[in-house]
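Comments concern the structure below.
A short reminder: the numbers here are calculations on the coordinates, not readings from a lab. Small disclaimer: the values here were computed from a predicted structure and weren't measured. Note: ideal-geometry Cβ built from the backbone for every residue, glycine included; neighbour counts use all protein chains shown.
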Amino acid sequence: MEPLLRVENLSKSFPGVQALREVRLHVMPGEVLGVIGENGAGKSTLMKILAGVQRPDGGTLFWRGAEVRFSKPSQAIEAGISLIHQELNLAENLTVAENLFLGRLPTFWGVIQTRQMRQQADALLSRVGLEVSSSASLGKLSIAQRQMVEIAKSLSSQARLIIMDEPTSSLSGHESANLFRLIRQLKADGVSIVYISHRLAEVADLCDRVEVLRDGRNASTLGAGQIDHDRMVEAMVGRELSRYFPHEPKPPGEVRLELRGVRVSGRTEHPIDLEVRSGEIVALAGLVGAGRTEVLEAIMGIRPVKGGSIRVDGKELRLGRVRSSIAAGLAMVPEDRRHAGLVSSMQVGENLTLASLDRVSTYGFISGRIDRRFAHEQVDSLRIKTPSLEQRVALLSGGNQQKIVFGKWIMRSPNVLLLDEPTRGVDIGAKQEIYGLMERLAEQGTAILFVSSEMEEILGMADRAIVMREGRIEGQLPREQMSERSITRLAFGPGGITPNGVESGH
């Protein structure tokens, strides 16, 4: 059978970086092909070339047996190739329906056929299992809901090959299950899927074949019967990861963060009481929508608080003031690094020192010498892969971008570090480095409170798990009582555990 897509000796370089080196790839009709590798392995560059977003320096692309060259995304879409970006490509000021058909709105004599558009949009939303109105403003949707809109958008173009880049990174277990059913249905209909994910269990469950990239080259191809976690990890990193989670529990010190009766805006019914001690790593667990992110935002002063008190090292914070939180020694790595953690148009060095301008300035003027010294220290300490401090941060891999967000706040030596999905969308090697960084900070006395939807991350890194459900703290578990079942039982509530005892994907 002729491959639907075939890539021969594809190469691509950027200033100071050889992103792809003679990469080969093929996708059969109705096949789910997994493409995996560490951040910086070349996955996203390869997919952008397939989708017409970037042009290769060399190599050949064959589509349905004929050689093709895509110079812009519209050409790839017309051919039948759709790319769902990891960083969502949607317009927040438009409705869901308008986003689904942006650039090809149904018109009659130049007039947009709103009713027809909404009917078609409702059908697409139903197909992906997203229960929102097609007339709703996209800006009011959660990140998870926007991810499903992006998937529905690709289906609207009648694509024969859909490239999914980290499609479940922001989805709940229920939403992920809907996506997996949809992928299997598309496969049965003859649609091909290229599935990129750092969640190796998903890759093993969904994919017929796996292509592994390492340092911009083909590293390995795993066929049916060869796809398992250990083989994928070894192929990606070129070595065995002997200790994935480095956490060694130690007796905690004095209380560094204390919440008493805190009522978060939008979650007014349930006062929150919690504390985190010096050197302690505490997980804030629960389902998507349980209120975990809202609690972190309230502590940091981003979200209004309607009552209660927050203390850092015994001193009460001025609620709702980010400046006061930073001055008290708080720092936060947000879930959405692209929009809330980085200034993508700025350089690596500028992003690293952005939260510490007072420390790199003299008499109100930024000292270039001090600024570069501090930035270089973070690049070296965190092993950030960048050609230079002048590289635009948007051009770096997801794992290196996440390290920059960490580095920006570590430069302030925080007393309390808040982490919202700290390893979302980063590869297995970068995850291990982030876990090592969390461990080092805890050893230095930093109190860490982190939100995670990955169960093995909670079990591997937390001294305690505080489990939230529907805006309230449902219970707390010390490390020796933490298990997948005990956490899930609290997260779902009485009688709420799924038949297999866990919410799929989390």
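Relative to the globular-protein estimate of 2.2 N^0.38 Å, the Cα radius of gyration of region 73-167 stands at 1.02. Here Cα extents along the principal axes in Å was computed from the coordinates, and among (1) 68, 47, 41; (2) 94, 50, 39; (3) 69, 53, 52 the match is (3).
Evaluated at 4 °C with a viscosity of 1.567 mPa s, what Stokes-Einstein diffusion coefficient in µm²/s does region 202-289 have when Rh comes from the Kirkwood expression over alpha-carbon pairs?
Answer from the Stokes-Einstein relation: 73 µm²/s.
On full extension, the segment bounded by His339 and Ala394 gains 18.7 nm, given 0.36 nm per residue less the C-alpha separation. Extension gain for the segment Leu94 to Gln347, taken as residue separation times 0.36 nm less the Cα-Cα distance, is 88.1 nm to one decimal. Each Cα pair under 8 Å and six or more residues apart adds its sequence gap; the mean of these over the residue count of the chain is a relative contact order of 15 percent. Sorting 168-178, 447-457, 469-479, 323-333 by average packing, meaning the other beta carbons within 10 Å per residue, from highest down gives 447-457, 168-178, 323-333, 469-479. Shown in residue order for region 173-178 are the 3J(HN,Hα) couplings computed by the Karplus curve 6.51 cos²θ - 1.76 cosθ + 1.60 at θ = phi - 60°: x, 5, 5, 5, 4, 4 Hz (x for Gly and Pro).
By definition, a body whose alpha carbon gyration tensor gives a ≥ b ≥ c is oblate when a/c is 1.5 or more and a/b is not larger than b/c, and region 113-190 fits this oblate description. Working from label points 7 Å from Cα in the Cα-to-Cβ sense, the Gln444 to Phe14 distance is 2.8 nm.
Placing a pseudo-label 7 Å from each Cα along the Cα-to-Cβ vector at Lys72 and Arg115 gives an inter-label distance of 3.4 nm.
For Lys43, a cut-off of 21 angstrom between C-alpha atoms picks up these lysines, skipping any fewer than 8 places away in its own chain: Lys12, Lys72, Lys385, Lys403, Lys431. Distance between the 7 Å Cα→Cβ label points at Thr221 and Gln476: 5.4 nm. The average projected area of region 1-152, computed from the convex hull of its Cα atoms over all directions, is 11.3 nm². Each residue of region 458-470 is assigned a 3J(HN,Hα), and the resulting list reads 5, 5, x, 10, 8, 7, 9, 10, 9, 9, 9, 8, 6 Hz, derived from the Karplus form 6.51 cos²θ - 1.76 cosθ + 1.60 (θ = phi - 60°), x at Gly and Pro. Sorted on the mean count of surrounding Cβ atoms within 10 Å across their residues, most packed first, peptides 22-32, 281-291, 427-437 read 281-291, 427-437, 22-32.
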